[in-house]
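Remarks on the structure that follows.
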Amino acid sequence: MKTKCYSVRLQSLVSISDRAYKATAFDGSEAIIPKSQVFGQDYEVQKSDAWWIASWILEKKELQYSTKKEAWFDSETGNMLPTYTVRKHKPTHVEPVESNIHENLTK
């Protein structure tokens, strides 16, 4: 099963039991997150520690997060799945020209 996750920058992520983490964001907001919903650290973020956390649990908690960086994870193996974005381009209509002969190019 696929799980949508967001990369969440945290000030700290501390293990408080065998099944839960205590997450603290930079604005001071805190939340208890189940360990099964944390899919690992996001190593692409350079300035601070970021973690991949399931989106559905973030919506229920009062923790500061951003939806800018998202990924899909396999909930059984914990591996990141390829993420595809489909964009459709609708070209603008261009009227045909009567003649494409330029006066300054002809002899």
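In the full protein assembly as shown, how much of Val94 is accessible to a 1.4 Å probe, in Å² to the nearest 10?
It works out to around 110 Å².
Give the whole-number value, in cubic angstrom per residue, of the convex hull volume spanned by the C-alpha atoms of the range 1-56.
Taking only Cα atoms, the range 1-56 has a hull volume of 83 Å³ per residue.
Between the range 37-106 and the range 1-30, how many Å separate their Cα centres?
After rounding, the separation between the Cα centres reads 22 Å.
Which of the residue pairs Lys2/Lys60; Lys61/Lys90; Lys4/Lys88; Lys68/Lys90; Lys2/Lys90; Lys35/Lys88 have a Cα-Cα distance greater than 29 Å in the structure shown?
On the way: Lys2/Lys60 19 Å; Lys61/Lys90 39 Å; Lys4/Lys88 22 Å; Lys68/Lys90 25 Å; Lys2/Lys90 31 Å; Lys35/Lys88 38 Å.
Check vs 29 Å cut-off fails for Lys61/Lys90; Lys2/Lys90; Lys35/Lys88.
From largest accessible area down, sort Ile32, Ile57; use a 1.4 Å probe on the protein chains.
Sorted descending by solvent-accessible area, the residues read Ile32, Ile57.
Accessible area, 1.4 Å probe, largest first: how do Glu30, Glu70, Glu98, Glu76 sort?
From most exposed to least exposed: Glu98, Glu76, Glu30, Glu70.
Hey, can you find the accessible area per residue of the range 1-105 for me, probe 1.4 Å, expressed in square angstrom?
Heavy-atom accessible area per residue stands at 79 Å².
Using a 1.4 angstrom probe on heavy atoms only, work out the carbon and sulfur share of the accessible area of the range 32-93 in %. Please list the in-between numbers first.
On the way: 2480 of 4950 Å².
Answer for the range 32-93: carbon and sulfur cover 50 percent of the accessible area.
Among 100-106, 44-50, how do they line up by average Cβ neighbours within 10 Å per residue, starting with the highest? Working shown, then result.
Details: 100-106: 6.0, 44-50: 11.1.
So the peptides 100-106, 44-50, ranked by packing, come out 44-50, 100-106.
Which three extents, in whole angstrom, do the alpha-carbon atoms of the range 50-107 cover along their principal axes, largest first?
Computed over the Cα atoms, the extents are 73, 28, 20 Å.
State the three equivalent ellipsoid semi-axes of the chain, derived from the C-alpha gyration tensor as the square roots of 5 times its eigenvalues, in descending order and whole Å.
For the chain, the semi-axes come out at 49, 16, 13 Å.
The values are calculated or read from the model by the stated rules, or taken from the named source; none is laboratory data. Just so it is clear, the model here is predicted, and its values are computed rather than measured. Cβ coordinates were reconstructed from backbone atoms using ideal geometry, including for glycine residues, and neighbour counts include every protein chain displayed. Surface accessibility is based on the protein's heavy atoms, side chains included, excluding ligands, DNA and RNA. Shrake-Rupley method; radii C 1.70, N 1.55, O 1.52, S 1.80 Å.
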